[in-house]
Each structure stands twice: as structure tokens, then as C-alpha cells.
Amino acid sequence: QVQLVESGGGSVQPVGSLRLSCVASGSISSTYHMGWYRQAPGKQRDLVADITRGGTTNYADSVKGRFTISRDNAKNTVYLQMNSLKPEDTAVYYCNLVPIPYQYWGQGTQVTVSS
């Protein structure tokens, strides 16, 4: 049984920071090509950062230079360090496989950036 459990979200002021964690279990491993997606109210779910099997990282233009994706394979965990947060980063954040997500998503973790 595959499980993706996201955590670490919260409410922060603009220019604040948060670190999200995603623990993978079952047939999904953090060594796979993994990514962080986000979905704002009324919008589609978009990929914002991913890390390949080889460790190459990619970022959406909107988060480049502010977000950093990493992983700890010993803990089967993928992280997203988010700095210089903006109100437009407000969304529910999910982790999943890239480029084709696993059919079942975790519950996500809410990030709210507001003054």
C-alpha cells in the first residue's frame, strides 16, 4: 500500500519560511523522481519543484531562487524548504511522483502566507 504523508505547513507572514516534509511508504521510494505540487483555491494543481533519481533539481519560475527541494533516502523523505514566501504561495502542497503522479494523493499540507 502506497502512502504519501505531507506535513510542515502553516500560516506565516510574507518573507517568512517553512519547511515541508513528505514521507513515502509502500511501493514509492524517495529515491524515485519525486516532486512537490501545489493547488490554490479555484486553480489546477501545478508542479513547483522536483528532484530526479540522479539528484537533479528543477523549479517552476515562480519559486526559483526561493524554494529548495531535497531528500533523505534513509528516512524515505522529501523536503521543500520555502523561503521569502509570498501571498501567492498560499496553497495546499502535495508530494508525488514525477512526471506521472501516483493515482492516489496524500492529504496535503496547507500553506497560508498573509500579513
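The values are calculated or read from the model by the stated rules, or taken from the named source; none is laboratory data. For clarity, every value in this text was computed on a predicted model and none was experimentally measured. Here the Cβ is made from the backbone with ideal geometry for all residues, glycine too, and neighbour counts use every protein chain on show. Areas reflect the complete protein model, heavy atoms only, side chains present, ligands, DNA and RNA absent. Shrake-Rupley method; radii C 1.70, N 1.55, O 1.52, S 1.80 Å.
Among the residues making up the range 104-115, those that are open to solvent by 30 Å² or more (accessible area, probe 1.4 Å) and within 15 Å of SER25 (Cα to Cα) are TYR104, TRP105, GLN107. The residue that is nearest to SER29 (Cα to Cα), counting only those in the range 67-103 that are surrounded by fewer than 17 Cβ atoms within 10 Å (Cβ to Cβ) and of a type in the set (Lys, Arg), is LYS75.
Got a sec? Which strands (runs of 3 or more DSSP E) wholly within the range 1-45 have at least 3 residues that are open to solvent by less than 60 Å² (accessible area, probe 1.4 Å), touching a residue at least 12 places away in the same chain (Cβ under 8 Å) and not aromatic (Phe, Trp, Tyr)?
Working: elements: 3-7, 10-12, 18-25, 34-39.
Passing ranges, in order: 3-7, 18-25, 34-39.
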